[in-house]
Amino acid sequence: MSWFRRAKPANPFSDVWTCAGCGEVHHGMMDLAAFAPDPWPHGEAREPNGAIRLEGDFLSEDFCVLGGKYFFVRAVLEIPVRGLAEKFGFGCWSTLSRENFDKYIEGFDDGAFPDWGPWTGWLCNRLETYIGTEPQSVHVFPQPDRQRPTLRIMDPDHALAIDQDEGITIDRLMEILRYYGHAPA
């Protein structure tokens, strides 16, 4: 009988791991992503980015239009994890004004945005205990090379803004992943 227990690694994402929730095998840290902005009233069918329509309702991998008057882009809200080089990312959706939405589409393929922002928007997905049903104001930073824009919470006193500045622990990351039904076994 052994009196010693094998310690769990300090970084459970340092290698290949099996998710206790979905059973899938992952390599390194996983990000989470929302399928669409929370106000999206339709099912989970997407159209190609190139089929974008600015009237009516439209959803693709990167763009969303509601009623021809509300414009959204898929973005990444990054949170540093203390002790890790890699940041944790929430793939989520932000509003943009029609003017900035047009700028984003114009520079989407080649990264030649006529204005690099930051633009302002509203985060339109609930995020664990951070964001409830009310949208949170964000800065939207376009990125080169077809990378999704990054988001920063505008209110410096908001818990998520503080975590974006100071980082979270691996234990906190595990809580977030478990909340969404994922985490190393």
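What is the helix-to-structure angle for 98-108, meaning the angle in degrees between its Cα long axis and the longest Cα principal axis of the chain, kept from 0 to 90 and rounded to the nearest 10? So the helix axis and the longest Cα principal axis differ by about 70 degrees. Summarising the amide proton neighbourhood of V138: residues at separation of 5 or more, or on other chains, whose placed amide H is nearer than 5 Å comprise G121, W122, L123, M154. Considering only beta bridges that DSSP places wholly inside the chain, some 85 percent are antiparallel.
Note that segment 142-152 has calculated 3J(HN,Hα) couplings of x, 10, x, 6, 6, 7, 5, x, 9, 10, 10 Hz, one per residue in order, obtained from phi through the Karplus relation 6.51 cos²θ - 1.76 cosθ + 1.60 (θ = phi - 60°); glycine and proline are x. Accessible area of segment 114-184 with a 1.4 Å probe: how many percent of it is carbon plus sulfur? Answer for segment 114-184 is 48 percent, counting heavy atoms of protein chains only. The list [x] 1.15; [y] 1.10; [z] 0.98 gives values of Cα Rg over 2.2 N^0.38 Å, and only one came from this structure; which label was calculated from it? Entry [x]. Between A185 and M154, the FRET efficiency from the beta-carbon distance, with R0 = 25 Å, is close to 0.10. Think of a 1.4 Å ball rolled over the protein heavy atoms: the chain then has 56 Å² of accessible area per residue. Computed with a 1.4 Å probe on the full set of protein chains, the accessible area for T18 sits at about 70 Å². The calculated 222 nm mean residue ellipticity attributable to helices in the chain amounts to -4500 deg cm²/dmol, summing -39500 (n - 2.57) over DSSP H runs of n ≥ 4 and dividing by all residues.
The values are calculated or read from the model by the stated rules, or taken from the named source; none is laboratory data. Quantities reported herein were computed from a predicted structural model and do not represent experimental measurements. Quick reminder, even Gly has a Cβ in these numbers, built from the backbone with ideal geometry, and neighbours come from all protein chains shown. When the accessible area is computed, the model is the full protein with side chains, heavy atoms only, and any ligands, DNA or RNA have been set aside. Shrake-Rupley method; radii C 1.70, N 1.55, O 1.52, S 1.80 Å.
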